[in-house]
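Asker: I have a structure here, written as structure tokens, and I will follow up with some questions on it.
Taken together, the values in this text are just the output of simple stated rules run on the coordinates, not laboratory data. The shown structure was predicted, so the numbers you read here are calculated from the model rather than taken from an experiment. We place every Cβ from the backbone using ideal geometry, glycine too, and count neighbours over all the protein chains shown.
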Amino acid sequence: MKKTLDYLMWGIIVTPLIYLALMWNQLPETIPTHFGIDGKPNDYGSKWTLIILSAVSIGIYFFLRYLPQLDPRLSQTKLSDHYSKLILLVLLFLGATQVLIIQSTLTQLSGEVFNNIVFVGVFLLFAGIGNYLNNIKSNYFIGIRTPWTLESETVWRKTHQMGAKLYFAIGIIGALGVVWLPTSWKIVWAMGLILSSTVWILVYSYRVYQKEKNEKA
């Protein structure tokens, strides 16, 4: 992993902490820690819980940064040319989520606006993952790991090529569509797209494997 990207990742991790420190005295002692489907807070806790989000980001960084080294078949440098960018994307999403929660506490941001920001963020994360997914090489930890992709390099490659296009399309379509839906339908829209894409990828992976198996028979 290039040092420049590594430094950028730590910058993304630290930035919400700096913002939290600057806003600390303005935050109430009790803040929203959970939001319902309607985007309104339904659980509260100490403002110290905001630090936990930074701890999660640090944990995710080390988990994704060093996990590939446990794979006996490859090292992180061989996993993908874009793997570091994928980690950067996940950390950016987590950092943005932490800033959103801090800002929602300061401005009482909730309801439909809060929901739209969250759902659009999730869908854009999907689109970003799709943008880098087809470059991931076969491994035991990261990517679309079905029994059939792990069995065949060809099935892995074809499944990830298709999955990359599907995730990117769902991310863009989902983000554009969710803002126009009533609150009660946003979760249905999101779960429907995510579940349908998951099923499609599983079926596609199996069919590609069976086709390859029949061609070799």
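Asker: Can you quote the Å³ per residue value for the convex hull of the Cα atoms in the range 1-64, rounded to an integer?
Answerer: Working: hull volume 6.8 nm³, N = 64.
In the range 1-64, the Cα convex hull volume per residue is 107 Å³.
Asker: Pairing the Cα long axis of helix 153-178 with the longest principal axis of the chain, what angle in degrees results, from 0 to 90 and rounded to the nearest 10?
Answerer: 30
Asker: Can I ask one more? Label-point separation (nm) for M23 and D38, each offset 7 Å from Cα along Cα-to-Cβ?
Answerer: Here the answer is 2.4 nm between the modelled labels.
Asker: Can you give the calculated 222 nm mean residue ellipticity of the chain, where each DSSP H run of n ≥ 4 adds -39,500 (n - 2.57) and the sum is split over every residue, rounded to the nearest 500 deg cm²/dmol?
Answerer: Values: 7 runs with 150 residues, N = 217.
Per the formula, -24000 deg cm²/dmol.
Asker: What number in nm² do you get for the chain if you take the convex hull of its Cα atoms and divide its surface by four? The partial results should precede the final answer.
Answerer: Details: hull surface 52.6 nm².
Its Cα hull, projected and averaged over all orientations, spans 13.1 nm².
Asker: Which FRET efficiency, nearest 0.05, do W180 and F63 yield, Cβ-Cβ r, R0 35 Å? Don't skip to the answer; put the middle values down first.
Answerer: Details: r = 36 Å, r/R0 = 1.03.
It comes to 0.45.
Asker: Turning to a different aspect of this structure: What angle do you read, to the nearest 10 degrees and between 0 and 90, between the alpha-carbon axis of helix 3-23 and the longest principal axis of the chain?
Answerer: Result, in degrees: 20.
Asker: So how far, in whole Å, is the C-alpha centre of the range 14-70 from the one of the range 163-209?
Answerer: 27
Asker: Mind checking the angle between helix 83-107 and the chain's longest principal axis? C-alpha axes, 0 to 90 degrees, to the nearest 10.
Answerer: For helix 83-107, the angle is close to 20 degrees.
Asker: What FRET efficiency would be calculated for the residue pair V14, W48, taking the C-beta separation as r and a Förster radius of 25 Å, to the nearest 0.05?
Answerer: On the way: r = 18 Å, r/R0 = 0.71.
FRET efficiency, V14 to W48: 0.90.
Asker: Using 1/(1 + (r/R0)^6) with R0 = 35 angstrom and r between the beta carbons of K213 and I187, what's the FRET efficiency to the nearest 0.05?
Answerer: For K213 and I187, the calculated efficiency is 0.35.
Asker: Short version: ³J(HN,Hα) in whole Hz for each residue of the range 111-118, in order, from phi by Karplus 6.51 cos²θ - 1.76 cosθ + 1.60 (θ = phi - 60°), x for Gly and Pro, what are they?
Answerer: With the stated coefficients, the range 111-118 comes to x, 5, 4, 4, 4, 4, 4, 5 Hz.
Asker: Something else now. Please list, by residue number, every one of the trypsin sites (Lys or Arg not before Pro) in the range 36-135 that is coil in DSSP and has at most 16 other beta-carbon atoms within 10 Å.
Answerer: Numbers: sites: K47, R65, R73, K78, K85; in loops: R73.
Within the range 36-135, the qualifying trypsin sites (Lys or Arg not before Pro) (loop, at most 16 other Cβ atoms within 10 Å) are R73.
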